[in-house]
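Here's the structure we're looking at; comments come further down.
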Amino acid sequence: MQVHNGMRPQDVAILLKIVAMNRDDWQMQPVSTELRISIGELSQSLNRSRIAGLIGFRKKDPNRHSLVEFLIHGLKYVFPQAPGALTRGLATAHSHPFMKSHFHSEANYVWPDVHGEIIGQAIKPFYERQAEAARLDEKFYLLLALVDTIRVGRVREVKIASDELKRILLQ
């Protein structure tokens, strides 16, 4: 039996990318390229997620109910986040367009990124090239922002993000 040494932050992003694709015939090479993560890291991540029960034995289909439970109830404890210094970046959490349609806030949260269009408090992404990968896939970007809302949001924001996450993952 393989030893599980705990989840890593990029495992969350990888699982969300698989959910965003919404198909079980995906191949590792294109996913690795889109995520800007090596095939080796992708493979190791899938093994950790399988051992944790967040993806099936074939490592193609996320266990969506378990993933929702982990994201909504466990993620903020496993990968806590506090907004940092002001920086240029890509909007996340309540600053993502979906959340902005529900809430107005003068403060912005961003993943630091030199190509970012707004200034806001830094939220550390799950992995280094996350903003770059999020720009390529709107659904993936939305899922990441919803998860960040759960990590750093207030009660009302977390409720809306959790409901939307459930809607997408359990459809």
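The values are calculated or read from the model by the stated rules, or taken from the named source; none is laboratory data. Keep in mind the model is a prediction, meaning the values are calculated, not measured. We place every Cβ from the backbone using ideal geometry, glycine too, and count neighbours over all the protein chains shown. Ligands, DNA and RNA are stripped out before the accessible areas are found, and what is left, the full protein with its side chains, is counted by its heavy atoms. Shrake-Rupley method; radii C 1.70, N 1.55, O 1.52, S 1.80 Å.
Numerical summary
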item	result
Residue within the stretch 68-78 that is assigned to a helix (DSSP H, G or I), surrounded by fewer than 13 Cβ atoms within 10 Å (Cβ to Cβ) and of a type in the set (Phe, Trp, Tyr) present	yes
Flag for Ser45 being small (Gly, Ala, Ser) and surrounded by 21 or more Cβ atoms within 10 Å (Cβ to Cβ)	yes
Conditions (1) open to solvent by 30 Å² or more (accessible area, probe 1.4 Å); (2) in a helix (DSSP H, G or I): number failed by Ala82	(2)
Odd one out for Arg58 among (1) of a type in the set (Lys, Arg); (2) surrounded by fewer than 17 Cβ atoms within 10 Å (Cβ to Cβ); (3) touching a Lys or Arg at 6+ places or on another chain (Cβ under 7 Å)	(3)
Neighbours by Cβ (under 8 Å, 6+ apart or cross-chain): first from the stretch 59-86, under 25 Å from Ala107 (Cα atoms); second surrounded by 13 or more Cβ atoms within 10 Å (Cβ to Cβ) and of a type in the set (Phe, Trp, Tyr)	Phe79/Phe126; Pro83/Tyr109
Among the candidates Asp113, Asp11, Asp25, residue that is at pLDDT 95 or above, among the acidic types (Asp, Glu) and more than 16 Å from Ala134 (Cβ to Cβ)	Asp11
Residue under evaluation Met99, criteria (1) in a helix (DSSP H, G or I); (2) surrounded by fewer than 19 Cβ atoms within 10 Å (Cβ to Cβ), criterion not met	(2)
Count of the stretch 48-67 residues which are touching a Leu at 6+ places or on another chain (Cβ under 7 Å), in a loop (DSSP other than H, G, I, E, B) and closer than 16 Å to Leu170 by Cβ	2
Of all residues in the stretch 156-171 being more than 20 Å from Val78 (Cβ to Cβ) and not in a loop (DSSP other than H, G, I, E, B), the one that is least open to solvent (accessible area, probe 1.4 Å)	Ile168
Of the criteria (1) part of a helix (DSSP H, G or I); (2) open to solvent by less than 60 Å² (accessible area, probe 1.4 Å), which one Gln29 fails	(2)
The stretch 123-152: number of residues that are open to solvent by 20 Å² or more (accessible area, probe 1.4 Å) and either within 23 Å of Gln171 (Cα to Cα) or not aromatic (Phe, Trp, Tyr) (or both)	14
Criterion (open to solvent by 30 Å² or more (accessible area, probe 1.4 Å) and of a type in the set (Val, Ile, Thr)) met by exactly one of Val114, Val110	Val114
Out of Arg129, Arg135, Arg167, sole residue that is at pLDDT 95 or above and in contact with a Phe, Trp or Tyr (Cβ under 8 Å, 6 or more places away or on another chain)	Arg135
Flag for Tyr141 being among the hydroxyl-bearing types (Ser, Thr, Tyr), outside any helix (DSSP H, G or I) and within 13 Å of the chain's Cα centre (by Cα)	no
